[in-house]
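The values are calculated or read from the model by the stated rules, or taken from the named source; none is laboratory data. Please read all numbers here as calculations on a predicted model, not as lab measurements. Positions of Cβ are generated from backbone atoms using ideal geometry, with glycine treated the same way; all protein chains shown enter the neighbour counts. We work out accessible area using only protein heavy atoms, side chains counted, and drop any ligands, DNA or RNA first. Shrake-Rupley method; radii C 1.70, N 1.55, O 1.52, S 1.80 Å.
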Amino acid sequence: MNKKYKDNKLRLHIVILLLIVISTFFLSVGYASLESITLDINGKVTAIPESEVFISDIQYSTNVNADIEKSIIHQYYQTMIHNTVVLGEASDSSITYIVNIVNSSNETYSFKNIEYVQDFYDNPNIVYELDGLKQGDLLLNKGQITFEITFHYLNNTFTGNNVLNSYLNFKFVKEENPEEIADINNVSTNTNQIIIYNAEKDKVALDITNNNNASIDFNLSIDNHIIDTISLDAKQTKTIVKDIKGILSTLKSNKEYTVMVETAVSPIQKKETGIKIQVFPTITNYNFGLRTDGNEENPYLIYKIEDIVSLAQCVNSGNTFAGTCVRLMNNVDFNSPNDYYNSLDTRFGDLNGNLGDQNQIITEMTTGNGFIMIGNSELNSFQGIFEGNNARIDNIMINKTDSGLESRIGLFSYINNATIKNLTISGNYNIVKDGAGLIGGILGNSSIINCHNNVNITNIMNNFSVGGLVGTLMQQSNVIIDNSSNNATITNGSATGGLVGLVWNSVLTISNCNNTGIIISNGTQNQFTGGFVAKDNTTGATIILRNSINSGEVRGITNVDAFVGKCFGRLDLQECTNTGNIINGGLVKKAPITNQEVQGPINIEEPKVDENTIVVENTVTNTFVEQNITNTENVNTNIVSK
C-alpha cells in the first residue's frame, strides 16, 4: 500500500514537472516571439497598438494583375500589419485583403486613421483604400469589424516601382469625445450642374459645409485629379470657386463628371458632392488643352465670339485644323455683349491695332481694324470643315486700308482643301485689298455650300479683285459653290463679282446660286463686273455656271455682264437667268435675258428687232461657250432695251 502510494505520487510529480517544463517552453517561445514582433514593429513605427483591440485574421481576397506569390502578410500583431505588396506593371494592378478586427474590452472604440512613418512605407506610388471601414466608425465592446484593404497604383499610373514594404497601424481610440472625430461623410455641398464652355470663365463653384464637431482637411477632385485642398473648422461653410484649366487636357469632352471630396491623408475616403460638371469641346477650351475626335459627329464647337477669335489665332499660328470639323452652334453678333463669354475680357490683348482702347474684346472686334480673320497666309490657311449649322455670324467689321498687307480679306482670309457650309454672314468691310465677305483666297479642292453673304464691301482702289463669297480662286484650285448667294452691295475699283472676284487659272463650278446684291466697279482702269464672277485671267481657267439667277444690278464702265464680266478661258453657261439691270457705262440694259444654247465659235450677227427695239450691241445670250473669248465687250449677253 505504501509502495503503491509512493509510485502514484512519483508519477504525479513527474507529470507536474513535465507540465511545468512544457508550459515554460511555450511561454518562453511565445514571449520571445511576442517581444521580437513588438520590438520589430515598435522599432519601425511610432504608433503604439491598442492591446484590447486587435487583428484576429487577415485573408487574401482578390487581385488584378498582381503577384500573389510575392505579396505577403509577414505578420500581424494587435492592430498592426507588416506586409509586402508586389503589383504588376499594368496601371490597373491591385491586390485586396480581408481584415477582421476584434474589440475584447467593455469599452467602445472608434476608428481614427492608419498611422505609419514615411521611412517604413517605402513606395508612395502604391496607395491603399479601405472599403467597409472609415474614420469615425465604431467598434462596439465585445464586437468586431470586417473590412477590405486594397493596394493599387496612385492615380492608376505605374511609375516603375511595383513593390511596397510597409508597417501599418489601424488606430482606434476610446469613444470618449466623439465630437472630436471629423467624418468626410459629414461634409455637405449644394447641388448644381455646371457646363464648362470657357475654362477661363466657367468655374467649379460650390458652397461646402463641415457638419462635424471638429475641423477637417480634404481635397476637391474630378476624375481622381485634385483641383483644390480645403480646411474647414467645425460647422464652418465656405464658398469655393476654382477653375479646372490645369486638368482640362485629362478630361473627355461631353462626359459628365462628379466633383468629389476626399480626405487629404490616408486612408483616402471619398464622397460625391452635388456638383456635376460637363466640359464642352469649344475652340476656347481647345486652347486650354481639351481634345475631342474633331469629326463631324464630335466636332469642335463655337458658341461665342471668343471661340471664333480663338479659331483665328490657332489657324494663324499654324494649326490648320486639317481634316477637322468645327461647328457653329448658334447665331452670334459681334455687336452684342451677350454673344461673348465676357465682352470686357482683356486677355486677348490688342487685336485691332489701337493700343489705347483698354483691349476689351468687344472693343477690339468692333473698332479699329476689327476682326483679325481666320488664316493669315496660304500656309496658315483653314483646312478643315466649317459647319455653320444654318446659323448666322452678324456684324463682322473689318477695316483694312493698308494695301501692303499680305493677307486677303474675309471672315476666312485663306482656306485650302476645305469646306464651308450652311452659314450666313453680315457686316461691313472697308478694305484696300483682294477680298470677299466669306473667303479672301481659296486654294485646293474646296467647297462652299449653302452659304450666304450679307456683308457690304467697299474697296475704292484699282487692281483688286472682290466678290461676295470669294475674292480670288488661287492658282490650280478646283472650287465648287452650290446653293449659295450674295445679297450685299459690293463696291470695288476693278474686278467685282457678286460671288467671285477672280478665277486665277483654276476651275470654278457655280450651281443653284443667286445674286440679289448691287455689284459696282467704279475705278478708272481694269474694270470687270459680273453678277456672279468678275473675270478669269488666263486661257487655262474654266468657269461652269448652272441653274443660277442674277437679280441684282450690275454696274460698271467696261466688261459688264449679268453673269461673268470677262472670260479668257472656257465658259460653260447653262440654265441661267438674269432679271437685274445691267449698266455698262451710260447704257442701261434691262432685264430679262433669255436662255439659248450655243456651241463652237461665236458668230456675231445683227439681231432682228422690231421698230420698238433699240439694238445696244452684238451679243450672244446665256450661252454654252467652249472657246477662248477675245476682247469683245459683253460677248455673253444679248441685251436690248425698248
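Projecting the Cα atoms of CYS325, PHE412, ILE393 onto the dipole axis of the stretch 322-421, where Lys and Arg carry +1 and Asp and Glu carry -1 at the beta carbon, places CYS325 farthest toward the positive end. Based on protein heavy atoms only, the stretch 251-293 ends up with 38 Å² per residue of surface accessible to a 1.4 Å probe. Counting Lys and Arg as +1 and Asp and Glu as -1 over every other residue whose Cβ lies under 9 Å from the Cβ of GLY530, the net charge comes to +1. With both labels modelled 7 Å from their Cα along Cα-to-Cβ, the GLU297 to ASN156 distance reads 2.2 nm. Per-residue packing, averaged as other Cβ atoms within 10 Å, sorts the ranges 315-326, 574-585, 455-466 into the order 455-466, 574-585, 315-326, beginning with the highest. Under the simplified labelling scheme, the ASN330-ASN445 pair shows an inter-label distance of 3.7 nm, with each label point 7 Å from Cα along Cα→Cβ. Here the accessible area of the stretch 385-503 is 39 percent carbon and sulfur, with a 1.4 angstrom probe and all protein chains present.
Taking a ≥ b ≥ c as the square roots of the Cα gyration tensor eigenvalues, with a/c under 1.5 meaning rounded and otherwise prolate when a/b beats b/c, else oblate, which class fits the stretch 137-263? It comes out oblate by the Cα gyration axes. The packing ranking, built from the mean of other Cβ atoms within 10 Å per residue, places the peptides 138-147, 73-82 in the order 73-82, 138-147, highest first.
Here, the stretch 77-200 has an Rg and a Dmax of 18.0, 59 Å when only alpha carbons are counted. Label separation (LYS70 vs MET461): 7.3 nm, computed from points 7 Å beyond Cα along the C-beta direction.
Overall form of the stretch 98-171: prolate. Here a/c, set by the Cα gyration tensor axes a ≥ b ≥ c, is 1.5 or more, and a/b is the larger of a/b and b/c.
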